[in-house]
1. Can you tell me the FRET efficiency between residue 394 and residue 83 if r is taken as the Cβ-Cβ distance and R0 is 35 Å, rounded to the nearest 0.05?
2. What FRET efficiency would be calculated for the residue pair residue 375, residue 289, taking the C-beta separation as r and a Förster radius of 22 Å, to the nearest 0.05?
3. List the pairs from 135/299; 114/135; 136/299; 112/299; 135/325; 286/319 whose alpha-carbon separation is above 26 Å, in the order I gave them.
4. For the chain, find the longest principal axis of its Cα atoms and tell me its angle to the long axis of helix 151-168, 0 to 90°, nearest 10.
5. Can you give the Kirkwood hydrodynamic radius for the stretch 124-173, in Å, rounded to one decimal and based on Cα pairs?
6. Roughly speaking, to the nearest percent, how much of the chain's 1.4 Å accessible area is carbon and sulfur?
7. Antiparallel DSSP bridges in the stretch 331-414: what percent, to the nearest 5?
8. Using a Förster distance of 60 angstrom, determine the FRET efficiency expected from the C-beta separation of residue 25 and residue 154, and round it to 0.05.
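The values are calculated or read from the model by the stated rules, or taken from the named source; none is laboratory data. Just so it is clear, the structure is predicted and the values come from calculations on it, not from any experiment. Neighbour counts are summed over all protein chains in view; Cβ atoms, including those assigned to glycine, are modelled from backbone coordinates with ideal geometry. Protein only, heavy atoms only, side chains kept; ligands, DNA and RNA dropped before computing areas. Shrake-Rupley method; radii C 1.70, N 1.55, O 1.52, S 1.80 Å.
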Amino acid sequence: MQPTKLLFFTAIFGWLTQAFAQQITGISPKQIIGGKGEVFTISGNGFGNSRGSSFVSFFREGNTYTDATTGNGFNYISWTNTQIKLEMPVAFSNKIKVNIAGTDYLSVDTLKVKANLGYRQANPLLYDLLTDNNKKGGVTWLIHPVYWNNPEIKQAIADVVQEFRCKTGVNYIIEPLTQWTPLNLGQGKHIIAPDSSLGVVGYNDRLWASCIVGAETFYHNQTQLLRFNTQQTWYYGKGQPPAGAAKFRYVMFHEMGHSLGLGHVNEAGESMYPTVTLLPSDNWCKRDSITAAEQNAIKHYISLSQNFAFRGCGITPMKVNGDCKDVYGLNLGAEALATEGIWLFPNPASNHIQLNISASATAEMSMWDIQGRPVMKRHVQGTTQIDLPQHLRNGVYIVSINTGGVFRSTRLLIQR
Ligand SMILES: [Zn+2]
């Protein structure tokens, strides 16, 4: 056979194989969040009228496609000869595969997985949830004194916690770690600390626990640590870090994201990209907010953590954080304020409030709306009557009283 003819036949054969092998004609959506139960649809032909031993395969961390065992564990909603619907599991962005009777068929389109919510089990979806762990509504992270006593680091931590509180609704608060505690999960404390023996830049350790009541086993995160390597050159500020420095706030986005159920993604631009220093994350770590996909996945996780019906072992759901800017959990009720020599009344109020502090003291009173927008600020001394601006709508406001750098806050209801 002449060489040209051979080439021609090879080309035809190749085209034919391609035409028959290519059984996936479309995927929808093309951008998705893994692990939260979103429906993923694969269109094509020759899938078979029922799933049988066929399965869908996704690219994952570690650069491999999921195997038959994992594929059989996904939650398939429907399977016909021309369409497959399943709950989107955790995956990395790439083309997807359908394995039909032992043969893999690859999609033309790439599926972009923008965030992953990690689960214990894919079908039915089962997570290690967060609970009202501190009996103040959520989780208290104790901050190591090396961090708490450094205003720049403390601010960075407070800002990141506020970002998560305000964007996802998580009820995390921070307090100083006042007792020396070894950095292990056995201490039963949530700790944010520097660590000189850490082999990576940052790390989130988690200890789950379970409680069984009747037929139900409830899984939850009991203790977590966020550790940061002391060998690193850290930059605690905002924006782009200087060359060679690791941006603490960004690394904390990543590690705190893990603490809120997020797994890694291979999508550029996301905080959960596996590496957190140098390139490529230096290309996007200048942002000081978490991404829309991260918010979406964590909000779902928080909603599950706030609304589960399980009661047992003293477990209750995480509570709504109320004032998301209150990262120190200082919101006090009227009684607690009174024990500090501060009286604010009436509450609810309509047109004015009276604030009494001990006669000699001066204080600064600030008020925010529930979204954290400042609405007024006043200097007060002794007994002061404060008119509430008429443009303030009915609702809950946060009143913060600063006496010599000590802040105390309480909720004020305006009702006209
Ligand atoms: Zn990670």
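1. With a Förster radius of 35 Å, E is 0.10.
2. For residue 375 and residue 289, the calculated efficiency is 0.40.
3. Pairs exceeding the cut-off: 114/135; 286/319.
4. 60
5. 12.3
6. That share works out to 54 percent.
7. 90
8. According to the calculation, E is roughly 0.65.
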